[in-house]
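Enquirer: Questions regarding the structure given below will be posed in turn.
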Amino acid sequence: MWIQGEEKDCMKEKLKVLFLCTGNSCRSQMAEGWTRHLHGDAVEVWSAGIETHGLNPSAVAVMKESGVDISGHRSKNVMELLDVSFDFVITVCGDADERCPFFPGNARIIHRGFDDPPKLALEKKTEEEKLDCYRRVRDEIRAFIENLPGFLENLPE
């Protein structure tokens, strides 16, 4: 989206993006953190859940390993954000995708699912093996977020 200023200088308006998952504890929090870290100049970002499950400490730990601090985030219910005019709502888990077929306003809803790290970690025996599940998903989310502004701006209407 381009807007023309009075001096005829073009400046880019920030895209407003919401990452939505079931509990806003892990995947959507990671996506919000990566987006702020990598594209804070181009994207205004939020995360929320259909429910609130609290911030996952393992998600916080593996994001910190990568230099992104999400420890100040809190788990939010999507109902808290209904007054924000999002350009895009990106569901990052199947449950949120199924439970969010409609979002108020003109937001485009896109699904980009990622595995659930706590579920992956259930079968692991050591703490390090469990954290590896979080690291894998963290890195997959980062790879998606790296190209996010271009991806969103080039979606067909």
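Enquirer: Return the single residue from GLY113, GLY105, GLY33 with maximal mean-square fluctuation; model: Gaussian network over the chain, springs between Cα atoms under 10 Å.
Expert: GLY105
Enquirer: Separate question: Near the amide H of ILE109, under 5 Å away, which other amide H atoms are found, from residues 5 or more places off or on another chain, if H is placed in the peptide plane?
Expert: Amide H to amide H, under 5 Å and 5 or more residues apart or across chains, ILE109 pairs with VAL89.
Enquirer: Next question. State to the nearest 20 debye the size of the charge dipole of segment 24-156 about its Cα centre, where the only charges are +1 on K and R beta carbons and -1 on D and E beta carbons.
Expert: It comes to approximately 180 debye.
Enquirer: (1) 44, 23, 17; (2) 39, 19, 11; (3) 28, 17, 13: which one is semi-axes √(5λ) of the Cα gyration tensor in Å as calculated from this entry?
Expert: Entry (3).
Enquirer: Pick from ALA143, ALA96, ALA31: which is most flexible by mean-square fluctuation in a GNM of the chain where alpha carbon atoms under 10 Å apart are linked?
Expert: Ranking ALA143, ALA96, ALA31 by mean-square fluctuation puts ALA143 first.
Enquirer: Quick one: which residues, 5 or more positions from LYS16 or on another chain, have an amide H under 5 Å from its amide H? H modelled 1.01 Å from N in the peptide plane, none for Pro or chain starts.
Expert: GLU44, ASP87, PHE88
Enquirer: Are there trypsin sites (Lys or Arg not before Pro) in segment 50-157 that DSSP marks as loop and that have at most 13 other Cβ atoms within 10 Å, and which are they?
Expert: Answer in residue order: ARG74, LYS124, LYS125.
Enquirer: While we're looking at this one, here's another question. Show the residues, 5+ positions off or on another chain, whose built amide H is closer than 5 Å to the amide H of SER47.
Expert: PHE19
Enquirer: Out of every Cα-Cα pair in segment 13-57, what percent are more than 14 Å apart?
Expert: 44 percent
Enquirer: Kindly report the accessible area of segment 15-131 per residue (heavy atoms of protein chains, probe 1.4 Å, no ligands, DNA or RNA), in Å².
Expert: On the way: 5640 Å² over 117 residues.
That works out to 48 Å² per residue.
Enquirer: May I pose another question? Which residue, MET79, MET63, MET30, tops the fluctuation ranking in a GNM of the chain built on C-alpha contacts under 10 Å?
Expert: Largest GNM mean-square fluctuation: MET79.
Enquirer: Calculate what fraction, in whole %, of the accessible area of the chain sits on carbon and sulfur atoms when a 1.4 Å probe is rolled over the protein chains.
Expert: 49 percent
Enquirer: Same structure, new question: Could you give each residue of segment 128-141 its phi-based ³J(HN,Hα) in whole Hz, using Karplus coefficients 6.51, -1.76, 1.60 with θ = phi - 60°, and x for Gly or Pro?
Expert: In residue order, the calculated couplings are 5, 4, 5, 5, 4, 4, 5, 4, 4, 5, 3, 5, 5, 5 Hz.
Enquirer: Another question about this same structure. Once you put a point 7 Å from the Cα of SER66 and another 7 Å from the Cα of GLU128, both along the Cβ direction, what distance in nm separates them?
Expert: For SER66 paired with GLU128, the spin-label model returns 2.1 nm.
Enquirer: Could you give each residue of segment 38-48 its phi-based ³J(HN,Hα) in whole Hz, using Karplus coefficients 6.51, -1.76, 1.60 with θ = phi - 60°, and x for Gly or Pro?
Expert: In residue order, the calculated couplings are 8, 9, x, 7, 10, 10, 9, 10, 9, 9, 7 Hz.
The values are calculated or read from the model by the stated rules, or taken from the named source; none is laboratory data. As the structure is a computational prediction, the values presented were derived from the model and not from experiment. Every residue, glycine as well, gets a Cβ built from its backbone with ideal geometry; the counts of neighbours run over all protein chains shown. Accessible surface is based on the protein model in full, side chains and every heavy atom, while ligands, DNA and RNA are left aside. Shrake-Rupley method; radii C 1.70, N 1.55, O 1.52, S 1.80 Å.
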